[in-house]
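This report refers to the structure that appears directly beneath it.
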Amino acid sequence: MHPNLWYPYTQAKTAPEPLKIKSAQGIWLQLEDDRQIMDCISSWWVNLHGHAHPKIAEAIYQQAKTLEQVIFAGFTHDPAEQLAEKLVSKFPTGLTRVFYSDNGSTAVEVALKMAYQYWINLGQKRSTFLAFEGAYHGDTFGAMSAGKSLFTEAFTDLLFDVDYLPFPETYIDDRSAIEREQQILASLEKKLSQDGDRYAGFILEPLVQGASGMRMCRPEFLQNLCCIAQRFNLLVIFDEVMTGFGRTGEWFACAKTSIQPDIICLSKGLTGGFLPMAVTACSEQIYDAFYSDNPAKTLYHGHSYAANPLGCAAALASFELTQSSEPIFRGMEANHTEYLAKFKTHPKVEKIRVAGTIAAMDLVTTHEPGYLNTISLDIRQKAIAKGLLLRPLGNVLYLMPPYCIADEELAIVYQGIEEILNDLSTVA
Ligand SMILES: Cc1ncc(COP(=O)(O)O)c(C=O)c1O
């Protein structure tokens with residue numbers, strides 16, 4: 001490890017040396033020692049169009065020569081306005097106001113603050129939120145409160161109370177999902193009829209819970225859930241930081257589920273993986289609750305780099321590329337499904353699932369399943385030896401490739417996975 005660096009999500013004492021990357025192009029990472037690695041997970045789920053796409057690089061360069069940064073309070077600029085218009089054109093009707101920040105966690109913080117203050121501004125105090133067990137919404141304090149897990153354990157005393165519902169994860173050929181869903185919906189209905197006014201909103205990762213292991217639920221469940229939540233006036237917050245921009249096979253999971261959330265959070269794919277940037281978009285109804293002569297009703301939140309013009313330029317270029325990638329992200333689920341069929345009878349694989357461009361499977365393990373399962377490290381190393389970047393979440397192996405992956409490359413990835421699984425002598 002470099003003596004002056006502290007790496008994220010890394011236990012330096014036990015982690016292997018990080019690999020040094022010299023450059024990257026498309027789906028390929030070039031290592032310092034000249035090996036090439038195929039990025040099968042779009043790095044940390046950000047590079048929609050692969051690495052170093054020339055159109056995004058050029059857009060940033062042109063923008064940097066014109067306006068690199070300006071305070072976004074009291075000033076505005078074309079890239080921010082154009083990007084907001086483009087995004088709104090793809091949102092369900094009703095999501096019309098775009099607030100900029102700079103990473104997924106801050107997009108969530110803003111959403112929680114908007115929802116909480118919305119009720120204060122209307123003269124009601126709603127003291128908490130609902131969320132799903134297994135949620136991950138980021139590493140800042142509000143986001144951690146809405147996604148308590150192993151990662152947040154050390155901070156438990158500092159987090160605010162959030163009520164959790166079980167998440168009805170499902171997979172191909174699962175027969176128990178509908179019954180579990182009904183129980184969850186019934187308990188939600190009961191909770192809200194007794195105590196609905198306690199909750200400012202319901203925050204969730206729609207269709208796919210990412211960090212807790214690519215856990216997927218059925219769109220019909222979400223539709224029913226949001227219907228109940230909105231009937232009791234909870235603000236529905238879709239954290240689409242991961243699912244946004246085609247990941248679930250549609251531009252946004254809210255479009256795929258035909259749900260109209262009150263707030264949506266975006267980041268990761270927003271700039272195509274070039275620059276840190278985030279968006280929290282909300283309805284006019286929420287915006288109106290802050291629109292006032294009373295200074296106390298202002299949303300006092302902002303970041304130094306809010307609406308950074310370089311980020312906006314990258315996002316505009318990425319938006320165009322995403323538009324031309326529609327057939328790819330709409331079609332990738334069928335490709336995954338075809339390859340995954342082969343693993344259905346594999347003795348080391350269970351709970352195969354797919355949502356758009358995201359494919360996942362659980363690896364059968366005799367040890368505790370979950371993030372700390374050591375099979376992850378074994379697979380990571382075996383994958384690197386085969387020229388693949390895979391980073392299982394514990395015993396969950398998943399793929400989330402950039403949209404530029406060629407058919408032959410996807411075939412190589414699945415071939416590699418099969419070899420790795422066959423090679424696991426004993427499953428951890
Ligand atoms: C659904 C979701 N929300 C929020 C975040 C936090 O985003 P960031 O890492 O940019 O803070 C993530 C990151 O993985 C995520 O998957």
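The values are calculated or read from the model by the stated rules, or taken from the named source; none is laboratory data. No experiment lies behind these values; they were computed from the predicted model shown. Note that we place each Cβ from the backbone using ideal geometry, even for glycine, and neighbour counts take in every protein chain shown.
At-a-glance table
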read-out	value
Number of the exception - A315 against (1) more than 30 Å from G394 (Cβ to Cβ); (2) free of Cβ contacts under 8 Å to residues at least 12 places away in the same chain	(2)
Flag for Y61 being without any contact (Cβ under 8 Å) to a residue 12 or more places away in the chain, of a type in the set (S, T, Y) and on the phi > 0 side of the Ramachandran plot	no
Members of the range 297-329 that are touching a Ser or Thr at 6+ places or on another chain (Cβ under 9 Å) and closer than 30 Å to I120 by Cα	T298, H301, G302, H303, Y305, A306, A307
Per-region count, the range 126-158, residues part of a loop (DSSP other than H, G, I, E, B), within 16 Å of the ligand (Cβ to nearest atom) and touching a Lys or Arg at 6+ places or on another chain (Cβ under 8 Å)	1
Residues being out of contact with any Phe, Trp or Tyr (no Cβ under 8 Å at 6 or more places or on another chain) and not in a loop (DSSP other than H, G, I, E, B) - total across the range 194-214	5
Elements of type helices (runs of 4 or more DSSP H) in the range 292-389, at least 3 residues being touching a strand residue (DSSP E or B) at 6+ places or on another chain (Cβ under 8 Å)	326-340, 375-385
Some residue of the range 205-218 being more than 16 Å from the ligand (Cβ to nearest atom) and not β-branched (V, I, T)	yes
Number of the exception - I37 against (1) part of a strand (DSSP E or B); (2) touching a Pro at 6+ places or on another chain (Cβ under 7 Å)	(2)
Enumeration of residues in the range 385-399 that are of a type in the set (V, I, T) and within 15 Å of S42 (Cα to Cα)	none
Residue within the range 243-264 that is under 20 Å from E81 (Cβ atoms), near the ligand (Cβ under 10 Å from one of its atoms) and in a strand (DSSP E or B) present	no
Number of the condition not met by Y398 [criteria: (1) buried (at least 19 other Cβ atoms within 10 Å of the Cβ); (2) part of a loop (DSSP other than H, G, I, E, B); (3) of a type in the set (S, T, Y)]	(2)
Contacts under 8 angstrom Cβ, first residue in the range 255-276 being within 29 Å of N233 (Cα to Cα) and surrounded by fewer than 24 Cβ atoms within 10 Å (Cβ to Cβ), partner modelled with pLDDT of 95 or more and of a type in the set (D, E), 6 or more apart	K256/E250
